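Only one structure is covered here, and it is reproduced in the block below.
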Amino acid sequence: MIGQRESASGAHFAFTDRWGGVSAAPYEQLNLGGAVGDDPEAVRANRALAAGSLGLDPGRVVWMNQVHGADVAEVEGPWTTPVTPPVDGLVTATRGLALAVLTADCVPVLLADPVAGVVAAAHAGRPGMLKGIVPAAIDAMESLGADPARIVARTGPAVCGRCYEVPEEMRAEVAAVEPAAHAEASWGTPAVDVTAGVHAQLDRLGVRDRQASPVCTRESKDHFSYRRDRSTGRLAGYVWLG
Ligand SMILES: [Zn+2]
C-alpha cells in the first residue's frame, strides 16, 4: 500500500507500492492511474483506500492530466473544471490539500517548504526533466513565498540509470542538457538516469535537503514499471501540509 512515508515539520510525503488494492491483472493491485485502461470503479476504490491509509479525504487529493510537459498549476482545492488540465506540476499553499503525481518508471518529485506553507508535486520523466518541470515547480513555489534553502525534496521509486537503456543519440541529447543524467546500463549500453538529472537540477536551484528512493521500479516486483510490463498500473506520490 504505502511503500514509503515521511513527515518533516508538518509536511508529509508518501509513495505507494502496487499492493493492497482491488484492481485485476495487469493492474494488480493498487493501480491509481485513471488513463491506463483499468476499471474506473477499481481506480476510484484504490484511490479511496490509499487516501484512507494516509488519513486523507480522497476528495481533498488533486490529480493531474500528465503530458510530459513543464506546466505547473496553482491549486487551492480540487478541480472544478469537467476536464483535468494537462499539467505536470501542482503547487498549493492550502493546508490539508494533498497533491498527487502518477508514475510507472518516471520520477515523482515531492517538494515542501514547511515554513512558507507551500508544497508541490511534479512528474519528471525524461522529456519533462529536459523541458524544465523541476525549475518550473521551484519557481511556482517561490512565487508563493517558498525559499529553496528551506525546501525539502523527495523523489520516489523510478527506473534507475542501470536499467533505462536508450539509443546513443538520445543519451547524447539528454546529457547535453543535463550531464548528470548520462548513464550506462548494467549490460554496458547507453542509458539515462533521470533521478540523477532531477537531483542535479534541484541542487543547482539551491535545494539541499534531498533524498531519492533507492527503489528501481523496473527491478522491483512490488512496483509498476512501464518499461518492464508496458500494460500496467500507476504508482502515486502524495505531498501535503498537515
Ligand atoms: Zn534498475
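The values are calculated or read from the model by the stated rules, or taken from the named source; none is laboratory data. These numbers come from a predicted model, not from an experiment. Note that we place each Cβ from the backbone using ideal geometry, even for glycine, and neighbour counts take in every protein chain shown. The area values use the complete protein model at the heavy-atom level, side chains included, leaving out ligands, DNA and RNA. Shrake-Rupley method; radii C 1.70, N 1.55, O 1.52, S 1.80 Å.
Would you be able to say whether some residue in the range 19-40 is in a loop (DSSP other than H, G, I, E, B), under 17 Å from the mean Cα position of the chain (by Cα) and of a type in the set (D, E, K, R)? Looking through the range 19-40, none of the residues is in a loop (DSSP other than H, G, I, E, B), under 17 Å from the mean Cα position of the chain (by Cα) and of a type in the set (D, E, K, R).
Looking at Gly59, Gly69, Gly77, Gly89, which is the one that is surrounded by fewer than 19 Cβ atoms within 10 Å (Cβ to Cβ), under 26 Å from Ser225 (Cβ atoms) and under 20 Å from the mean Cα position of the chain (by Cα)? The unique qualifying residue is Gly69. Within the range 144-168, the set of residues being part of a loop (DSSP other than H, G, I, E, B), within 14 Å of the ligand (Cβ to nearest atom) and more than 19 Å from the chain's Cα centre (by Cα) comprises Arg162, Val166. Residues of the range 169-188 that are within 16 Å of the ligand (Cβ to nearest atom) and either polar (S, T, N, Q) or under 12 Å from Met129 (Cβ atoms) (or both): Ala181, Ser186.
Could you tell me how many of the residues in the range 108-166 are charged (D, E, K, R) and surrounded by 24 or more Cβ atoms within 10 Å (Cβ to Cβ)? Matching residues across the range 108-166 total 1. Say whether the condition of being touching an Asp or Glu at 6+ places or on another chain (Cβ under 6 Å) and not in a loop (DSSP other than H, G, I, E, B) is met by at least one residue in the range 79-100. Taking every residue of the range 79-100 in turn, at least one turns out to be touching an Asp or Glu at 6+ places or on another chain (Cβ under 6 Å) and not in a loop (DSSP other than H, G, I, E, B). Taking the range 178-226 on its own, how many of its residues are outside any strand (DSSP E or B), open to solvent by less than 70 Å² (accessible area, probe 1.4 Å) and either within 29 Å of Pro148 (Cβ to Cβ) or not hydrophobic (A, V, I, L, M, F, W, C) (or both)? Here the count works out to 25. The combined condition, being touching a Lys or Arg at 6+ places or on another chain (Cβ under 7 Å), loosely packed, with under 15 Cβ neighbours inside 10 Å and modelled with pLDDT of 95 or more, is fulfilled by Gly96.
Of the listed requirements (1) polar (S, T, N, Q); (2) open to solvent by 10 Å² or more (accessible area, probe 1.4 Å); (3) within 16 Å of the ligand (Cβ to nearest atom), Thr103 misses just one: (2).
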